Amino acid sequence: MNKPSFSLNPPTKNSALFIPSTEVINTNNVVNIDTNKLKHYHNHPFKLYEGERLDDMVESIKANGILVPLLVRPLTDGYYEVLAGHNRLEGGKIAGLTEVPCIIKEGLSDEEAHLIVTESNLVQRSFADLSHSERAEALATHYNAIKHQGKRTDLIRQVEALLNGEDTETPDISNHETSTPVGEKSIEVTGAKYGLSKNSVARYIRINTLIPGFKELLDTEDLPIRAGVSLSYIGAERQQLIYDQLVYYGEGTSISMKKAEKLRKLNDDIVLSNDPKDEAFIHGCADILIGKMPSEAATQPKRIIRFKLDHSAVSSYFKENETAEVIEETVLEALQFYHQFRDKFSNTENPQ
């Protein structure tokens with residue numbers, strides 16, 4: 001009942017990937033593990049394949065099987081955590097596989113496990129395919145590994161060899177050390193590996209310290225990278241206060257590079273000891289974001305009201321070549337004017 005309706009062709013190479021599941025578990029061998037015993041990495045920072053890309057992988061697995069084994073580590077509950085091969089696991093499930101080939105890595109620290117997760121994604125995906133937050137996560141992890149040298153850089157070498165179809169034997173990493181070339185800094189080595197300038201690497205490392213809300217805005221291009229860099233110099237708690245204010249005022253409120261620089265300066269100027277409840281900081285944020293103080297408690301985020309304005313309803317008020325930016329600014333000014341004077345107009349009696 002668990003067998004797929006199609007037949008899987010045996011692989012033309014890497015036949016060692018399909019040894020019986022009764023094979024004794026050893027960190028140097030490939031074993032078949034039940035898919036129900038595999039869990040995705042608990043803090044996986046990358047999006048899984050979907051759409052056509054996932055479909056292509058499923059068809060490849062149906063035709064050839066899984067040629068590159070997954071990297072997993074054993075958990076205390078009898079399950080295994082996937083470190084590399086999340087998409088192959090999902091593609092294999094869709095293809096009807098009940099077991100997938102894995103290499104079991106034992107004795108890893110949490111930092112080493114996270115390094116394998118990020119490094120394997122950098123090897124298997126085009127850097128351009130990654131979102132800004134995914135690039136930041138991967139580059140920051142790689143940079144920290146280069147700084148520490150030794151065992152961590154050997155893990156990078158092993159992951160690259162495995163995923164490139166080279167020798168899958170796990171060498172002794174206890175006495176091997178990969179060193180940063182003399183005269184080069186870790187940030188320069190990281191940049192050279194991925195074709196980035198050291199300034200670009202530095203910016204990505206900075207934005208990796210942003211709270212999740214700001215990372216999402218980076219990925220949707222609603223927050224400029226350089227603005228994100230400025231915000232990254234603000235602590236996580238105050239970042240959250242800024243983000244809450246952004247949500248409070250809803251559509252039309254954004255953080256430009258200029259605003260981000262002002263927010264950073266505000267953070268530097270108002271120290272926590274002088275503002276223990278962050279009241280002055282919150283009011284300052286509101287002033288920077290929209291130019292006025294909140295009418296309610298600023299710490300209570302306001303529900304975002306999303307709507308679309310029919311183009312035909314406003315097009316008659318503007319020239320044909322008017323830019324969207326000018327139209328948006330004009331509409332906002334009109335709304336501000338309306339709210340400023342509506343009480344006066346509403347108290348005026350209509351002429352008979």
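The values are calculated or read from the model by the stated rules, or taken from the named source; none is laboratory data. Every value quoted in this text rests on a predicted model; they were computed, and no experiment measured them. With ideal geometry, Cβ positions are generated from the backbone for all residues, glycine too; neighbour counts draw on all protein chains shown.
Matching residues to (1) farther than 24 Å from Glu216 by Cβ; (2) over 21 Å from the mean Cα position of the chain (by Cα); (3) at pLDDT 90 or above:
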site	(1), (2), (3)
Glu81	yes, no, yes
Gly91	yes, yes, yes
Ala95	yes, yes, yes
Thr98	yes, yes, yes
Ala140	no, no, no
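This table checks each residue for (1) modelled with pLDDT of 85 or more; (2) under 22 Å from Pro212 (Cα atoms); (3) over 20 Å from the mean Cα position of the chain (by Cα).
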{"position": "Thr35", "(1), (2), (3)": "yes, no, yes"}
{"position": "Pro101", "(1), (2), (3)": "yes, no, yes"}
{"position": "Val117", "(1), (2), (3)": "no, yes, no"}
{"position": "Ser126", "(1), (2), (3)": "no, no, no"}
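Taking the stretch 245-352 and the helices (runs of 4 or more DSSP H) fully enclosed by it, the elements with 1 or more residues that are charged (D, E, K, R), modelled with pLDDT of 80 or more and exposed (fewer than 12 other Cβ atoms within 10 Å of the Cβ) are at 257-269.
Close Cβ contacts (under 6 Å, 6 or more residues apart or on different chains) running from residues in the stretch 221-238 that are closer than 19 Å to Ser131 by Cα to residues that are of a type in the set (S, T, N, Q) comprise Ser232/Thr209. Determine, yes or no, whether Asp129 is surrounded by fewer than 20 Cβ atoms within 10 Å (Cβ to Cβ) and closer than 25 Å to Leu217 by Cα. Yes. Go through (1) surrounded by 24 or more Cβ atoms within 10 Å (Cβ to Cβ); (2) assigned to a strand (DSSP E or B) and name the single condition Leu115 misses. For Leu115, the exception is condition (2). Inside the stretch 238-257, residues that are out of contact with any Leu (no Cβ under 9 Å at 6 or more places or on another chain) and under 23 Å from Val271 (Cβ atoms) make up a count of 3.
For (1) under 15 Å from the mean Cα position of the chain (by Cα); (2) at pLDDT below 90; (3) of a type in the set (A, V, I, L, M), each residue gets a yes or a no:
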{"site": "Thr180", "(1), (2), (3)": "no, yes, no"}
{"site": "Gly183", "(1), (2), (3)": "no, yes, no"}
{"site": "Phe214", "(1), (2), (3)": "yes, no, no"}
{"site": "Ile234", "(1), (2), (3)": "no, no, yes"}
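Being modelled with pLDDT of 60 or more and assigned to a helix (DSSP H, G or I) is a property that does not hold for Val159.
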